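Peer 1: Here it is, the structure, as structure tokens.
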Amino acid sequence: VALSAAATFLLAVTVLAWNGFDAIGFRVASEAATRFASLIFFASIIARPLCRLFPAHAFRAYGVLRRDILLAFCASYGVYILSVVTPHLLALQGVTPGMMLFAAFSAGILAAMAGAATDWFETRLGRPAQRAVLGVAAAYFWLLFTLAGVIHLNGPHRPDGYYGFCLLLMLAALLLRFADSFMTHVKALGPGRVTP
């Protein structure tokens, strides 16, 4: 988790230093941070489906780390939120209510996700509550990354292959989770009870 936060921070600072300590530099740095965070998010949401669909030793070990990877995403995305808010706090960019609302709401969802990923949350509030919070938070961030990909593919932006790649990753994650849910349902029905 600390490594993820440090890597995202160093990436953002490097990009900021390269592009200049101004509003444009912060915008490019925050974009680099969110790109890095999206890759960790993808790794976190495919961990459980992969270890259940492919019960090999390597995938089982990957599945065991899913909470750590999820917390690593929370740390990385937290750095992204910091990179979005900092230019407003330093008066390098005018404060826009929409951006601050987005940052506050995303930080709240991120805090809920990080809290729900801990054993303390599961012990105190139970597994169903934990699954519900993690599911809602994962759906929120999945939608954020997916819509960003769609908007940048169709909107008046410069061509950027990352957004198409990110969109493919989010769709692949969704398909893996659907496949996992389907196989779990088939196994629950038992042999001879699968209906077309």
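Peer 1: Does the range 114-150 hold any residues that are among the hydroxyl-bearing types (Ser, Thr, Tyr) and in a helix (DSSP H, G or I), and which are they?
Peer 2: Passing the criteria: THR123, TYR140, THR146.
Peer 1: Which residues, taken from the range 172-183, are over 20 Å from SER38 (Cβ atoms), open to solvent by 60 Å² or more (accessible area, probe 1.4 Å) and touching a residue at least 24 places away in the same chain (Cβ under 8 Å)?
Peer 2: MET183
Peer 1: If ALA129 satisfies every condition in (1) under 28 Å from PRO87 (Cβ atoms); (2) more than 15 Å from the chain's Cα centre (by Cα) but one, which is the exception?
Peer 2: (1)
Peer 1: Of GLY63, GLY78, GLY108, GLY94, which residue is closer than 30 Å to ALA23 by Cα, out of contact with any Gly (no Cβ under 6 Å at 6 or more places or on another chain) and modelled with pLDDT under 80?
Peer 2: GLY94
Peer 1: Considering only the range 45-55, how many residues are touching a residue at least 60 places away in the same chain (Cβ under 8 Å) and out of contact with any Gly (no Cβ under 8 Å at 6 or more places or on another chain)?
Peer 2: 4
Peer 1: Just for the range 120-149: of the residues that are open to solvent by 60 Å² or more (accessible area, probe 1.4 Å) and β-branched (Val, Ile, Thr), which one is modelled with the highest pLDDT?
Peer 2: Applying the filter and picking the extreme gives VAL136.
Peer 1: Here is a check on your reading of the model: is LEU101 at pLDDT below 80 and open to solvent by 20 Å² or more (accessible area, probe 1.4 Å)?
Peer 2: For LEU101, the condition - at pLDDT below 80 and open to solvent by 20 Å² or more (accessible area, probe 1.4 Å) - is not met.
Peer 1: Now for a separate question. Can ALA103 be described as within 22 Å of ASP22 (Cβ to Cβ) and part of a helix (DSSP H, G or I)?
Peer 2: Here the answer is yes, as ALA103 does meet what is asked.
Peer 1: In addition: Every residue in the range 12-38 that is hydrophobic (A, V, I, L, M, F, W, C), open to solvent by 60 Å² or more (accessible area, probe 1.4 Å) and closer than 14 Å to TYR80 by Cβ, please.
Peer 2: Within the range 12-38, VAL13, PHE36 qualify.
Peer 1: On to the next question. For residues that are outside any helix (DSSP H, G or I) and modelled with pLDDT under 85, tally how many sit in the range 14-54.
Peer 2: 4
Peer 1: Return the pair list, or none, for Cβ contacts closer than 7 Å from residues in the range 70-88 that are within 13 Å of LEU3 (Cα to Cα) to residues that are among the β-branched types (Val, Ile, Thr) and buried (at least 23 other Cβ atoms within 10 Å of the Cβ), at least 6 apart or on different chains.
Peer 2: As it stands, the answer is SER76/THR8; VAL79/THR8, since those pairs meet every condition given.
The values are calculated or read from the model by the stated rules, or taken from the named source; none is laboratory data. All values reported here derive from a predicted model rather than from experimental measurement. Reconstructed Cβ throughout: ideal geometry from the backbone, glycine too, with neighbour counts over all protein chains shown. Note: accessible area is taken over every heavy atom of the protein model, side chains too, but ligands, DNA and RNA are not part of it. Shrake-Rupley method; radii C 1.70, N 1.55, O 1.52, S 1.80 Å.
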